[in-house]
């Protein structure tokens, strides 16, 4: 009798262990595209970058390459930071129109899953369209297996044209759909899209400067000088970008710089240490703290 009871106990323990394994395995089921969803939103730090889409390269002025903002950044606490509409005037406002909204933890997880399902992180051939000087679109996603990155050249330009195979066209189409979905969160996430966007208030910003020169246009009136209220320009040289400097504005300097920039434009001459400068303003995002993060 003792022998039969002992064997019966071992059998039931084995069945229980198999059931537990099945439950755990089901919870960690891989999503399409490789990898598993990121950890539950409650396990992300609030400033941890979970998902980002950004342009890299392309034929644009050097200071704009350094100051360029990501298309979208999603953080562990549900903040989504994007650039809002910009008034179509020249010279343009000095400050970009950055906006932030808060999505739910379920929304964060849904975006990670969607990005993986649409190909981010897969080792696939995306082809190379015969297009010159276009930027690449870079997708970055944080998962349980680490950071997944996919970079695709000239996305949305000639994706269905010549020079690409059917498989390459299909893969590019998936990423283009993903980009469209990320640019329309209310439609993509529904109620999980959270609140309405609000102006983003940076805790620090980078000022990318080069020496001021006369724009030489007779159609644009001379712009009044402004005294630079922050750390002395031009700051540290920007690597591989001759003539550019970058200074980090933080702490007590942020408020006066933002206040002065609010009434300035892209051609405003800023005076600092007896010299005049063009300045590109780049608010630093939650995962950024200095100019070095941009270069």
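The values are calculated or read from the model by the stated rules, or taken from the named source; none is laboratory data. Computed from a prediction, not measured in an experiment: that's the story for all the values here. Every residue, glycine among them, receives a Cβ derived from its backbone with ideal geometry; neighbour counts consider all protein chains shown.
If you go through the range 220-239 and pick out every residue that is touching a strand residue (DSSP E or B) at 6+ places or on another chain (Cβ under 9 Å), more than 15 Å from residue 270 (Cβ to Cβ) and in a loop (DSSP other than H, G, I, E, B), you end up with 1.
If you go through the range 62-85 one residue at a time, do you hit one that is loosely packed, with under 10 Cβ neighbours inside 10 Å and either within 21 Å of residue 143 (Cα to Cα) or modelled with pLDDT of 85 or more (or both)? Checked the range 62-85: at least one residue is loosely packed, with under 10 Cβ neighbours inside 10 Å and either within 21 Å of residue 143 (Cα to Cα) or modelled with pLDDT of 85 or more (or both).
Any idea which residue in the range 47-61 is nearest to residue 144 (Cα to Cα), counting only those that are surrounded by 13 or more Cβ atoms within 10 Å (Cβ to Cβ) and touching a helix residue (DSSP H, G or I) at 6+ places or on another chain (Cβ under 9 Å)? The residue in question is 50.
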